[in-house]
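Since the structure comes first, as structure tokens, the remarks are kept for the end.
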Amino acid sequence: MIDLYTWTTPNGRKVSILLEELGVPYNAHAVNIGAGEQHEPEFLKVSPNNRIPAIVDQDTGMTLMESGAIMLYLAQKYDRFICKGDEYWRMVEWLMWQMGGLGPMLGQVHHFVKYNKGTSEYAEERYSKEAHRLYRVLNTRLEGRDFIAGDGKGEYTIADMACWPWVSRFEWQEMDLNAYPNVRDWYVRIAERPAVQKGYQVPKFVNEIPMP
Ligand SMILES: N[C@@H](CCC(=O)N[C@@H](CS)C(=O)NCC(=O)O)C(=O)O
């Protein structure tokens with residue numbers, strides 16, 4: 001049994017979507033980061049960086065923070081949604097691209113463009129420009145492919161599950177998905193999966209999945 005500590009954010013949804021896709025039993029614990037619950041001493045034992053998501057694997061006692069590490073751990077534990085052979089590293093490459101680029105940069109867009117509009121024209125321009133560059137990179141990667149990693153047209157892996165919740169905030173980013181048709185089609189393909197629809201609403205319902 002997996003205990004998942006999470007909130008209604010892209011990093012949290014990455015893991016709840018993976019757990020729903022895996023179809024394994026888990027308990028979701030809501031950590032209201034708006035109310036400061038990520039700073040409570042009990043939570044720090046699981047997530048010393050004061051951030052969701054985090055997991056405790058009750059089968060082994062393993063605790064993990066950092067969504068990328070959690071996704072690798074769960075995908076390897078259940079041996080699903082993970083590429084084999086050389087494509088494993090291609091998948092890891094795009095997972096790291098999400099962890100080091102797409103997530104942090106879009107997070108800055110949310111901060112400056114959605115929540116603090118008008119406070120820094122420089123930051124809004126800088127991060128929006130970077131967001132468009134990253135969407136272009138993903139759009140190019142998805143040319144002729146259904147999924148980010150894997151041979152041929154690709155296979156659905158944790159690389160897709162890591163990127164998708166960040167793209168799901170395209171409205172916050174003032175991003176027109178029609179300008180990136182490969183990203184749009186990939187986004188819709190994944191949004192239609194029942195496990196994604198379920199995992200998106202963990203630990204609670206906020207809104208329906210936005211559609212372009
Ligand atoms: N690199 C971390 C980032 C985690 C992260 O930034 N989580 C946010 C929510 S998406 C959070 O817990 N924020 C709480 C805070 O800023 O105090 C991961 O991927 O797990």
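At-a-glance table
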{"read-out": "For the range 65-105 versus the range 37-53, the gap between their alpha-carbon centres in whole angstrom", "value": "22 Å"}
{"read-out": "Theoretical gain in end-to-end length, Tyr115 to Arg189 [0.36 nm per residue, Cα-Cα removed]", "value": "23.7 nm"}
{"read-out": "Protection proxy ranking of 179-187, 56-64, 71-79 - average other beta-carbon atoms within 10 Å, highest first", "value": "179-187, 71-79, 56-64"}
{"read-out": "For the range 86-193, average projected area of the Cα convex hull in nm²", "value": "6.3 nm²"}
{"read-out": "Reference-scaled alpha-carbon Rg (2.2 N^0.38 Å with N residues) for the chain", "value": "0.99"}
{"read-out": "Viscosity 1.306 mPa s, temperature 10 °C, Stokes-Einstein D of the range 2-80 from Kirkwood C-alpha radius, µm²/s", "value": "128 µm²/s"}
{"read-out": "Net charge of Cβ neighbours under 12 Å - reference Ile2; Lys, Arg +1; Asp, Glu -1", "value": "-3"}
{"read-out": "Of all DSSP beta bridges in the chain, antiparallel share, percent nearest 5", "value": "65 percent"}
{"read-out": "Expected 222 nm ellipticity per residue - DSSP helices of 4 or more, -39500 (n - 2.57), all of the chain, to 500", "value": "-14000 deg cm²/dmol"}
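Laboratory data are not the source of any read-out in this text; all were calculated from the coordinates shown. Given the structure is predicted, the values throughout are model-derived calculations rather than measurements. Here the Cβ is made from the backbone with ideal geometry for all residues, glycine too, and neighbour counts use every protein chain on show.
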